[in-house]
Amino acid sequence: MNDVPKKLRDALDAAARSAVDDARRPPPFDPFRIAPHRPPPSPKRRRAWLAPVLAAAAVLIVAAAGVSAVRVFGSDHHKPVAAPSPPSSAARSTMPSSSTPPVPIAAVHVSLFQGDGQTYGIGMPIIAQFSRRVTDAHAFDRAVTVTVNGKPAGGAWFWVNSNSGYQMEAHYRPPAYWPAHAHIHMNMPLKGLSAGRGLAFDDSLTLTIATGAAHVSRVDGSTEMMTVTSDGKQIKTLPVSLGKASTPTYLGTKIVMEKKNPQHMVSAPGEPYYSLMVPWSVRVTLDGEFVHAASWNGGNIGARSTSHGCTNLNTSDAKWFYGFSMIGDVVTYTNTGTSDVMPSWDGLGDWNVPWPEWRAGNLLKNS
Amino acid sequence: MTVTLKQPGGPPVRLDKVGSAPAEGVGVTRSELAVDVPTLYATHWRSMVRLAVLLVDDVPSAEDVVQDAFVALHRNSHRLRDPAAALGYLRTSVVNLSRSVVRHRQVVRKHLRVAEPDHVDGADFYVLLSAEHREALDALRRLPCRQQEVLVLRYWAGLSEAEIATTLGISPGSVKSSASRGLAKLSKMLGGAR
């Protein structure tokens, strides 16, 4: 018993060293760093910290330049270090230093959910994430171009609150699903453009992604069947069990967000408690609807709706569906015994917003 | 309970002179008039991230916490009468911000119909640990926040009761009771698992 403090100390020490080894160097300060896993700290704080540091850095560079200039004065082949270039306009606009009057322009940093070279299902919206709330979308809307196989995509941006820690998000989708096996290219030359009064974008981005085969699965609660199609051809019909009357499955069009094998699932507050590791789970809503294996529910699959909202499949079917699914694939639900449609914000509910409403832009007006 | 305090460098050292990790106790130079945040960042970043990671369990969150703590230090450095107190200030920020991260996570989890796994081992660092160490950490995670903080500051950072009290803004008596209760529970859990 007496060795508990020692055990604890050893474990803590081992964990600390394992997490951050001795060779790990602090990251350099990046003025526009966005932490992908947490809401960025309020830019005000970051700026307050950066301004003096940058100012100090500038002073050091000036001093260094001055010293080297003196030292090498008169010698031709040694040019003094290039005079410290004035801070770039973006930097200056966002980081008032004590010597210059502050310019009331704040930086809006844009990052993208998607990564270059990835392949997605045909229902995947392009997602732009903002470090600060944009108040005017006109410049953004005019500047950003999206092409599919070289032709304008004809889609629109829909401005929403972020539920992944950013200050705001904009989702881009065409009126109908993307074509299958297509190349999508986006050009986002935003740097320096206005994001509203006192706001400017501080970066420019491009994105090149592709779509895979057109996977559309239709789940019908009246028959308890899921019909899976690929590029328009029906390839499987799988029996399912949907949410029971007290926890119905949402209607509407859902998009595959995530795949996990296994996925830990626990009951919602107010439900009888359960906690399970569920294999072959494909996530379709943020609040926790999945298409997953439910070996315990065999007798009801294909017969009646008995789940907590998820789409239960037999294990072999779930394993197949898991392998088949890509992020961005489409799963539609009809006759689930409720009139509630999956809200647009509950994951990728983007296709549940009618096109005219989508085109208008939601929180911000599109031009 | 008697505590033997591990101090690097012999004679009792002031709080502001004690590094978070015994191995990295780099003090602050007294002669400096102002708080030199970049130097502090360079010398204490690693020990602060380690402290944070022991409280929040994943490296990216820990790095963010430390970043925010340095930001806070810089904003408030003019209010520090003694530049040497910067380290204590930093440590308090790291502990408080880590607690916010942990609580935020708990709230998020409560509101999800289907939650993420209860215990997210954010990085592979946890997997690399021996079973024995993992067992001890798992047990620690089951204690209340306050007790975890006190135990980490005492047994990993090697702070005295008074220093822990200052860092957490609680009375020395609370430090003592938290430590002994936490340790008792740990003994039970670790002993019981055998």
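The values are calculated or read from the model by the stated rules, or taken from the named source; none is laboratory data. These numbers were taken from a predicted model, which means no experiment stands behind them. Positions of Cβ are backbone-derived with ideal geometry, glycine not excepted, and every protein chain shown enters the neighbour counts. Just the protein is used for accessible areas: all its heavy atoms, side chains included, with ligands, DNA and RNA removed. Shrake-Rupley method; radii C 1.70, N 1.55, O 1.52, S 1.80 Å.
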(request) Give me the accessible area buried between chains B and A, both sides summed, with a 1.4 Å probe, in Å² rounded to the nearest 100. (result) 4700 Å²
(request) Report ³J(HN,Hα) in whole Hz for each residue of region B:129-142, in order, from the Karplus equation J = 6.51 cos²θ - 1.76 cosθ + 1.60 where θ = phi - 60°; Gly and Pro get x. (result) 6, 6, 4, 5, 5, 4, 4, 5, 5, 4, 5, 4, 5, 7
(message) For A:G347, what residues show an amide H to amide H distance below 5 Å, using hydrogens built from the backbone and excluding near sequence neighbours?
(response) A:L286
(request) Take the alpha-carbon centre of region B:129-194, take the same for region A:107-167, and report the distance between them in whole Å. (result) 46 Å
(request) For A:I301, enumerate residues with amide H under 5 Å from its amide H, sequence gap 5+ or separate chain, H modeled in the peptide plane. (result) none
(message) Could you tell me the calculated FRET efficiency between A:T227 and A:L276, based on Cβ-Cβ distance and R0 = 22 angstrom, to the nearest 0.05?
(response) 0.20
(request) May I ask you to list the residues of region A:214-232 whose amide nitrogen lies under 17 Å from a point 7 Å from Cα along the Cα→beta-carbon direction of A:N149? (result) A:214-215, A:231-232
(message) Probe radius 1.4 Å, ligands and nucleic acids ignored: give me the carbon and sulfur share of the accessible area of region A:129-193 as a rounded percent.
(response) 53 percent
(message) How would region A:182-315 be classified by its alpha-carbon gyration tensor: rounded, prolate or oblate, with rounded meaning a/c under 1.5 and the a/b versus b/c comparison settling the rest?
(response) prolate
(request) Sum up the charges of everything whose Cβ sits under 12 Å from the Cβ of B:V152, counting Lys and Arg as +1 and Asp and Glu as -1, but leave B:V152 out. (result) +4
(request) May I ask you to evaluate 6.51 cos²θ - 1.76 cosθ + 1.60, the Karplus curve with θ = phi - 60°, for each residue of region B:43-49 and list the ³J(HN,Hα) values in order in whole Hz, giving x for glycine and proline? (result) 8, 10, 3, 5, 5, 5, 5
